[in-house]
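Just so you know, all these numbers are worked out from the coordinates, no wet-lab data involved. Just so you know, these numbers come straight off a predicted model, no measurement behind them. Every residue, glycine as well, gets a Cβ built from its backbone with ideal geometry; the counts of neighbours run over all protein chains shown.
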Ligand code: PLP
């Protein structure tokens with residue numbers, strides 16, 4: 001299809017409210033023309049001007065099987081021709097939905113029981129909050145409702161999930177967070193540790209702080225803790241050693257549920273199928289989205305563990321139907337897309353690829369960046385990684401935010417044909433390429449990023 005670029009750009013500027021975009025700069029043209037993305041194949045996308053870009057961020061850490069997978073497109077098309085839609089209310093289902101749910105319950109970590117579907121990570125976390133509240137109401141603990149999340153955690157942008165998100169710029173001017181959501185310290189050793197404190201000591205301190213917070217709020221008032229196995233949007237930060245073990249001991253002690261937000265880490269990104277398996281996390285509830293369909297269709301889920309589900313089933317005679325659901329819960333096209341994507345994840349062993357190619361990628365990042373004078377930390381796991389830039393390595397001093405170092409480096413990478421994300425918190429360049437990436441491809445990503453970093457470094461020092 002040939003498109004009229006000028007006309008599309010004009011229509012877009014006049015009518016699309018773009019997420020995470022400076023509205024005035026976009027409206028006045030200061031941000032330049034919108035990028036019209038037209039096609040994609042493997043780890044690359046192409047815009048309407050014919051420019052090819054390596055997508056070093058898999059869209060928004062989601063196109064794990066890569067672009068242009070005809071198997072998935074065919075599964076979607078087949079289902080659309082067969083039955084484009086039916087709801088899953090009142091015990092209706094489709095074959096694809098039942099098969100997918102059975103698969104997810106079996107493959108998910110911990111003792112899982114049922115799967116509730118939504119369309120986005122945000123709405124799935126909204127569901128998780130309601131499940132926590134429902135569970136504790138049914139257990140006769142009507143005050144056990146507060147949910148603790150971490151500073152710099154990211155759990156979405158809706159009202160409850162946006163409150164769980166622990167970065168103030170997601171709250172400002174939007175009347176968030178809600179009072180039911182409380183934040184605790186970020187598990188980032190580089191910025192948070194005291195002088196000489198080991199990772200294990202730092203983790204133990206974070207766990208003690210959580211313990212104190214729960215005591216202060218009253219254990220009978222705290223229902224759940226939500227965390228990403230690896231902090232994602234808050235800076236792609238793997239947990240310090242011993243963190244999850246220490247945190248889980250505190251949660252167990254106070255009978256607080258653990259929600260693992262696996263929206264990014266689910267389906268292979270860390271090198272394990274789930275981040276929970278990678279770090280020995282035993283969740284009561286699991287949130288999935290993104291990699292579930294590799295973003296070929298909007299689909300998310302809250303996976304409900306046996307412990308929570310049992311209380312829900314036992315309470316049913318008392319409260320009647322489970323009164324929560326969306327028109328599109330368990331959408332058959334989404335389920336067909338997910339089954340086709342999971343076939344690829346399993347057949348091509350994408351967690352294994354993320355582990356092997358990921359180890360090579362992490363080594364590349366360390367080798368090329370760790371010693372540069374503007375680099376404070378290089379970190380990551382599997383096929384997710386980040387470089388954090390600082391003005392002063394010895395004193396861990398950040399750059400003046402007005403220099404926009406992260407954004408400039410990301411722009412320089414873009415000019416060289418690579419999408420690597422300027423993470424919203426600090427001067428951080430983030431990577432999360434599709435999980436099908438080869439060693440040659442991640443080497444190309446690292447090489448282009450190095451050229452971009454060096455060009456901005458030359459302007460700074
Ligand atoms: N949870 C995590 C860990 C995420 O990274 C995201 C999105 O980036 C979300 C939840 C929200 O998902 P969505 O943007 O689909 O609402």
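With 10 Å bins beginning at zero, the pair-distance distribution over Cα atoms of the stretch 210-269 amounts to 20, 47, 28, 4 %. By other beta-carbon atoms within 10 Å, ranking 191, 244, 133 with the fewest at the front produces 191, 133, 244. Here is the P(r) of the chain: all C-alpha pair distances, binned every 10 Å from 0, give 4, 19, 30, 28, 14, 4, 0 in whole percents.
At an R0 of 45 angstrom, the distance between the Cβ atoms of residue 346 and residue 460 translates into a FRET efficiency of 0.50. Of 31, 210, the sequence from fewest to most neighbouring Cβ atoms within 10 angstrom is 31, 210. Taking 7 Å steps out from each Cα toward its Cβ at residue 15 and residue 307 produces label points 5.0 nm apart. If R0 is taken as 51 Å, the Cβ-Cβ distance between residue 33 and residue 106 corresponds to a FRET efficiency of 0.60. Here the label points at residue 95 and residue 319, each 7 Å from Cα along the C-beta direction, are separated by 3.5 nm in the simple model.
For n ≥ 4 DSSP H runs only, could you compute -39500 (n - 2.57) per run for the chain, divide by its residues and tell me the 222 nm figure to the nearest 500?
Computed ellipticity for the chain at 222 nm equals -13000 deg cm²/dmol.
Translational diffusion coefficient of the stretch 149-256 (Stokes-Einstein, Kirkwood radius from Cα pairs, 10 °C, 1.306 mPa s): 111 µm²/s.
Scattering from the C-alpha atoms of the stretch 37-86 alone, worked out with Debye: what is log10 I(q)/I(0) at q = 0.16, 0.22, 0.25 1/Å? Summing over Cα pairs of the stretch 37-86 leads to -0.56, -0.80, -0.89. Label-to-label distance, residue 80 versus residue 438, with points set 7 angstrom from Cα along the beta-carbon direction: 3.1 nm. Remark: 134, 67 ranked as 134, 67, counting other beta-carbon atoms within 10 Å and listing the fewest first.
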